[in-house]
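Novice: First the structure, which I've put down as structure tokens, then a few questions once you've had a look.
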Amino acid sequence: MGCYRVVQVVAIVSFVLLLPNTHAWGDDGHAIVCKIAQARLSTQAAAAVKKLLPKSANNDLSSKCSWADSLRVVFPWSSALHFANTPKDACNYKNSRDCVDLKTGIKGRCVVSAITNYTNQLLEYGTKTKYNLTQSLLFISHFMGDIHQPLHCGFGSDRGGNDISVHWYRRKQTLHHVWDASIIETEIERFYDDIDDFVDAIQKNITKAWADEVEDWENCRKDDISCPTIYASESVEDACAWAYEGASEGSVLDDEYFLSRFPIVNLRLAQGGVRLAAALNRIFNTKYAAEM
Ligand SMILES: [Zn+2]
């Protein structure tokens, strides 16, 4: 990449950082994951996040959690980083097989490798780094949400449900969008006052109904800082058991589907938030951060 290109890219990225979030998990799903995460940060991690966030965020991570989606138009190469693509009906995730950019065939480009990559970049916090760690933070915060959306690790053959048209009640929708946004929107509409009320309810479940499981969610095998392979495996299992199940082309998805699926969505939002916080707490609890 020549010098001019670098300047151009930095200029575009800086410009995009200033844009309001586009309505494109959907914005609500990402905001929920980031709200849950930011409330669980250690003192050290909270200080680092505050320092890295752009001023326009007002120290609210959730306000920038959909930033990576707005980049997809400007940088088409980044699209592959939002997904992993598994073979039809395999219902499991394998790094060597499924972490591939379907458009270019380039291996190692998917949401799993992206999380590892931005984790490694953030570990350079407090050192003279060549990376823009504000972007690294916004990317990892977004991708930790995406990887917990079951259809972001769905079948490549239907582009994670993007090629399956269904009816969400009366409205025509793709199955992917149903899981990105419609289930959450319907849930907030029916059961809660607003998104903060919904986040409160999930946080209560984290400290009560799921309290015994939270430590397991947070832990990675060995001494890993984030363990995206595990999250992708869980997602494709949920995609098979819940998202694709009963949702073939032309299906009408109504209360029967909604009432049995929203608890899965809630669980995945909670896990995404808890794990984003756990990863950031580990990242900023390093010797580098201690030197700040
Ligand atoms: Zn995304």
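Just so it is clear, none of the values below were taken in a lab; they were calculated from the coordinates. Keep in mind the model is a prediction, meaning the values are calculated, not measured. Heads up, the Cβs are rebuilt from the backbone with ideal geometry, glycines too, and the neighbour counts pull from every protein chain shown.
Novice: Do we find a residue being within 29 Å of residue 134 (Cβ to Cβ) and of a type in the set (Gly, Ala, Ser) anywhere in region 236-257?
Specialist: Scanning region 236-257, I find no residue that is within 29 Å of residue 134 (Cβ to Cβ) and of a type in the set (Gly, Ala, Ser), so the answer is no.
Novice: Here's something else I'd like to know. Yes or no: residue 185 in contact with a Gly (Cβ under 8 Å, 6 or more places away or on another chain) and either buried (at least 16 other Cβ atoms within 10 Å of the Cβ) or in a helix (DSSP H, G or I) (or both)?
Specialist: So residue 185 passes the test.
Novice: While we're here: Of the residues 223, 197, 216, which is among the charged types (D, E, K, R) and more than 29 Å from residue 122 (Cα to Cα)?
Specialist: 197
Novice: Report, ordered by the first and then the second residue, all pairs with beta carbons closer than 6 Å, sequence separation of six or more or different chains, a first member in region 104-130 that is within 19 Å of residue 147 (Cα to Cα), and a second member that is among the charged types (D, E, K, R) and surrounded by 20 or more Cβ atoms within 10 Å (Cβ to Cβ).
Specialist: Listed by first residue and then by second, the contacts come to 111/146.
Novice: Which ones in region 251-281 are among the aliphatic types (A, V, I, L, M) and over 30 Å from residue 44 (Cβ atoms)?
Specialist: If the condition is that a residue be among the aliphatic types (A, V, I, L, M) and over 30 Å from residue 44 (Cβ atoms), then 252, 253, 259, 264, 265 are the ones that fit.
Novice: Here's another thing I want to ask about it. Quickly run through region 23-51 and pick out the residues that are assigned to a helix (DSSP H, G or I) and either within 16 Å of the ligand (Cβ to nearest atom) or of a type in the set (Asp, Glu) (or both).
Specialist: Within region 23-51, 27, 28, 29, 30, 31, 32, 33, 34, 37 meet the criteria.
Novice: Still on this structure: Would you point out which residue out of 212, 163, 200, 223 is assigned to a loop (DSSP other than H, G, I, E, B) and closer than 30 Å to residue 282 by Cα?
Specialist: When all the criteria are applied, what remains is 223.
Novice: Here's something else I'd like to know. Residue 243 passes all but one of (1) crowded, with 24+ Cβ neighbours inside 10 Å; (2) within 15 Å of the chain's Cα centre (by Cα); which number fails?
Specialist: (2)
Novice: Now, a different point. Within region 55-104, which residues are surrounded by fewer than 16 Cβ atoms within 10 Å (Cβ to Cβ), away from the ligand (no atom under 16 Å from the Cβ) and within 30 Å of residue 126 (Cα to Cα)?
Specialist: 55, 56, 58, 59, 60, listed by residue number.
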